[in-house]
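Below is one structure; the comments refer to it alone.
The values are calculated or read from the model by the stated rules, or taken from the named source; none is laboratory data. Note that the coordinates shown come from a computational prediction; the quantities given were computed from them, not determined experimentally. All Cβ positions, even for glycine, are placed from backbone atoms using ideal geometry, and neighbour counts span all protein chains on display.
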């Protein structure tokens with residue numbers, strides 16, 4: 001038989017085998033579900049996980065299995081954290097002091113698996129944490145009111161002038177007007193600076209917008225942003241905190257603000273909590289919090 005015909009015959013046989021395997025797997029995933037991830041090591045800025053391996057459900061033209069580490073966010077939606085062909089991985093891009101729900105999914109050229117059950121883990125604290133006490137029992141009135149407190153959880157002194165906190169929110173209706181206030185602070189409001197930042201949706205104003213341009217962002221479009229808090233000076237010893245910082249924000253017009261879709265908002269409970277949806281950086285390095293966890 002000519003070489004070309006032999007090659008074609010082999011290729012057709014392989015294709016038929018692959019189609020037969022896929023047909024056999026049509027009623028479910030071709031790869032078994034990987035095991036629930038377990039925590040092997042949990043250190044600031046470094047989390048190591050392991051899990052039981054997956055296997056092909058039916059014998060056939062198996063391909064190498066790749067594992068994806070995910071944070072499920074909703075139906076068919078997840079945040080990708082990393083990938084490996086091994087059954088262990090060390091993640092180095094997670095925020096310290098933050099709670100994550102982590103799952104594993106197996107992928108290959110010829111199939112996929114269901115996603116594993118999730119493991120909830122709070123990463124080890126970094127050099128500082130943020131405590132939060134919501135003072136506002138009505139999240140739809142005309143003010144945002146809460147207490148914040150920074151604690152040095154490191155092993156050395158913490159220079160407050162290197163600390164940056166961000167309380168993340170969404171400006172509903174594209175109304176980016178917000179007046180930040182410090183009502184009282186144990187270390188003195190004069191040592192605290194606050195700025196409001198927001199982010200216009202990418203792409204800029206629509207093409208053909210007339211001059212003078214109408215208000216942009218377009219009214220009705222939610223805009224993400226934050227209130228950033230920094231300190232002029234001060235040093236915290238290990239284990240020491242700033243004490244309470246009482247903050248209150250309102251619009252220039254004193255119109256109502258809906259806080260319920262703000263990433264950093266937590267419903268009032270009357271108790272302090274470590275709110276890992278408020279982010280804290282030291283010298284530009286994330287030490288606490290993640291709004292996408």
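Summary table
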read-out	value
Residues that are surrounded by 13 or more Cβ atoms within 10 Å (Cβ to Cβ) and over 18 Å from residue 243 (Cα atoms), drawn from region 266-275	266, 268
Scope region 54-102; condition under 15 Å from residue 290 (Cβ atoms) and either assigned by TED's automatic domain parsing to the domain that holds residue 274 or not in a strand (DSSP E or B) (or both); matching residues	92, 93, 94, 95, 96, 97, 98
Residue satisfying all of: in region 156-209; assigned to a loop (DSSP other than H, G, I, E, B) and at pLDDT 95 or above; surrounded by the most Cβ atoms within 10 Å (Cβ to Cβ) among these	187
Of all residues in region 43-82 being out of contact with any strand residue (DSSP E or B) (no Cβ under 7 Å at 6 or more places or on another chain) and in contact (Cβ under 8 Å) with a residue 40 or more places away in the chain, the one that is nearest to residue 155 (Cα to Cα)	44
